[in-house]
1. Going by amide H atoms built from the backbone, whose H comes under 5 Å of the H on Glu101, apart from near neighbours?
2. Can you classify the stretch 1-43 as rounded, prolate or oblate using the Cα gyration tensor, where a ≥ b ≥ c are the square roots of its eigenvalues, rounded means a/c under 1.5, and otherwise it's prolate if a/b beats b/c and oblate if not?
3. Taking 0.36 nm per intervening residue step and subtracting the Cα-Cα distance, what contour gain separates Arg36 from Asn100 on full extension?
4. Given points 7 Å out from each Cα along the Cα-Cβ axis, report the Arg27 to Arg71 separation in nanometres with one decimal.
5. Could you tell me which of Pro4, Ile40, Cys30 has its Cα farthest along the dipole of the stretch 1-43 towards the positive end, charges placed at Cβ (Lys, Arg +1; Asp, Glu -1), taken about the Cα centre?
6. Which FRET efficiency, nearest 0.05, do Ser8 and Asp61 yield, Cβ-Cβ r, R0 35 Å?
Amino acid sequence: MRCPKCSSEDSKVLDTRAGKAASIRRRRECLSCEHRFSTIEEVLREDLLVVKQDGRRENFDRHKMAKGLQRAISKRSIDPEQINALLSEILRRIENEYDNEVPSRAIADAIISRLRNVDEIAWLRFASFYEDFRGLSRFAREIVNLKGEGSD
Ligand SMILES: [Zn+2]
């Protein structure tokens with residue numbers, strides 16, 4: 001597990017406890033820089049397929065979901081743990097709601113509906129990748145609002 005601060009691969013586990021659903025939460029300390037962070041381990045449904053917009057199916061991949069989010073949160077000061085927690089929550093919801101196929105749009109929808117509480121700029125960026133999702137005009141309004149507030 002890479003340290004979110006210095007990227008060292010070496011960490012020790014300080015504490016382990018059961019998290020929500022079938023997950024295990026571990027508190028870790030980096031052996032290089034002593035930064036403390038949490039990780040969540042969970043059992044993944046191996047049969048979960050993502051149905052893309054063109055109808056193709058591919059195995060669900062949490063890393064891919066995280067990568068899509070990386071683009072939106074780059075250069076924003078967001079606690080990586082918050083993003084981890086967000087991803088876990090979304091994953092749990094998807095696994096509860098879908099049997100073995102989940103539309104890619106439902107994943108984007110779940111991210112969009114939660115990201116706003118984490119960071120508005122990241123939310124706008126992410127949503128703009130899916131701008132046909134609820135129409136450009138709404139996002140244009142949001143951008144005007146944000147500019148008015150002097151954010152970013
Ligand atoms: Zn470190």
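We did not get these values from a lab; they are worked out from the coordinates using the rules stated. Since we're looking at a predicted model, the values are computed, not measured. In this analysis, Cβ positions are derived from the backbone assuming ideal geometry, glycine residues included, and neighbour counts consider all displayed protein chains.
1. Hits under the 5 Å cutoff: Leu49.
2. Values: a/c = 3.09, a/b = 2.18, b/c = 1.42.
Prolate.
3. Values: separation 64, 0.36 × 64 = 23.04 nm, distance 3.58 nm.
Taking Arg36 through Asn100 to full extension adds about 19.5 nm, to one decimal.
4. About 3.7 nm separates the two model spin labels.
5. Ile40
6. On the way: r = 25 Å, r/R0 = 0.71.
So, using R0 = 35 Å, E works out to roughly 0.90.
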